[in-house]
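Accompanying notes for the structure given below.
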Amino acid sequence: MVSRGRGYAELARDFRWVIPPRFNIADVCADRWAVADPQRPALIRYDGRGGTSITTYQTLKSESDRFAVALRRRGVQQGDRIAVLLPQSVETVVAHLAAYKLGAIALPLAALFGVEALSYRLRIAGAKVIVTDGSGVAKLDRIEEALPDLEMVLSIDGPGDGAEGFRETLGPSDSAFVPAVTKPDDPALMIFTSGTTGPPKGALHGHRVLIGHLPGITFSHEFFPQPGDRMWTPSDWAWAGGLFNALLPALYFGVPTVFGPSGPSIRKRRSG
């Protein structure tokens, strides 16, 4: 939507918003690329030891289809809230895409949140499902009685301690899913404000929120994307900055997003 011009005045003069009548984040960030270029790299994981592994757009589509099928069979419907309490990972992206395909509402939650912050957001949002890991399960165990709407806890670390295994719940590998038909203003995700001026407030965004972020990313990154581009951000994909200003725009434009381990262990290896 932003193309090079002879100057800022010309660029601003010629800019126009283009909002299609139907729009779904999962379609534009995964499925359309899976059809056009199935083996195109979508995610590149750095393992902290010099190795990398690639997740293609076809894999993102098939895995999110499988998860969407499993959730629908378990009664998840359009408008239900699906919380994602994970660090940067393939499963984080798959959970988001499946939520959008269902017409459900993704609820990104930072892995650094404590039990009080999690309890408040999950309760206010009325989350029905949460996808997390072992660390998240341990936190949820302390607050589950305060979350009457939460019906399903799925852990990418496998079943145990009141959680079902994420992988164990996926549908068959050949699952075909027909995504919900969504309009640009249909709700897609809820992100809570920081709470600096009062209790955090859940801001509900439609699918068009991605369109609103694309011009800023394109313009501020030298008319992104350019051949050979890679995207990386240290920001948690649960934050608006990491999600709206890095991960989702990169997937939209077909640019691989790099991610990997962080924290004391990786910093020690780098400095050693």
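The values are calculated or read from the model by the stated rules, or taken from the named source; none is laboratory data. All figures in this text were calculated on a predicted structure; none of them were measured in a lab. So basically every Cβ, Gly included, is an ideal-geometry build from the backbone, and we count neighbours across all protein chains shown.
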Flag for ILE143 being at pLDDT 95 or above, under 25 Å from GLY198 (Cα atoms) and either acidic (Asp, Glu) or surrounded by 24 or more Cβ atoms within 10 Å (Cβ to Cβ) (or both): no
Just to be sure, is VAL115 in contact (Cβ under 8 Å) with a residue 24 or more places away in the chain and closer than 19 Å to PRO249 by Cβ? no
Checking LYS101 against (1) closer than 21 Å to ALA180 by Cα; (2) in a loop (DSSP other than H, G, I, E, B), the condition it does not meet: (2)
Taking segment 220-260 as the region of interest, how many residues are assigned to a helix (DSSP H, G or I), within 29 Å of LYS201 (Cβ to Cβ) and hydrophobic (A, V, I, L, M, F, W, C)? 8
Which of the residues spanning segment 36-52 are surrounded by fewer than 11 Cβ atoms within 10 Å (Cβ to Cβ) and out of contact with any helix residue (DSSP H, G or I) (no Cβ under 8 Å at 6 or more places or on another chain)? ALA36, GLY50, GLY51
Do you know which residues across segment 151-166 are surrounded by 15 or more Cβ atoms within 10 Å (Cβ to Cβ), free of Cβ contacts under 8 Å to residues at least 60 places away in the same chain and outside any loop (DSSP other than H, G, I, E, B)? VAL153, LEU154, SER155, ALA163, GLU164
For segment 172-197, how many residues are surrounded by fewer than 19 Cβ atoms within 10 Å (Cβ to Cβ) and either of a type in the set (D, E, K, R) or not in a strand (DSSP E or B) (or both)? 17
Which ranges mark the helices (runs of 4 or more DSSP H) fully within segment 1-89 that have 3 or more residues being polar (S, T, N, Q)? 57-73
LEU112 vs. criteria aliphatic (A, V, I, L, M) and surrounded by fewer than 24 Cβ atoms within 10 Å (Cβ to Cβ): yes
Yes/no for ILE82 being at pLDDT 95 or above, on the phi < 0 side of the Ramachandran plot and surrounded by fewer than 18 Cβ atoms within 10 Å (Cβ to Cβ): no
Could you grab the pairs with beta carbons closer than 9 Å, sequence gap of 6+ or different chains, first residue in segment 225-250 and closer than 18 Å to PRO215 by Cα, second one acidic (Asp, Glu) and assigned to a loop (DSSP other than H, G, I, E, B)? GLY242/ASP236; LEU243/ASP236; ALA250/ASP229
Filtering segment 224-240 down to residues that are more than 24 Å from ARG123 (Cα to Cα) and surrounded by 14 or more Cβ atoms within 10 Å (Cβ to Cβ) yields PHE224, PRO225, ASP229, MET231, TRP232, THR233, SER235
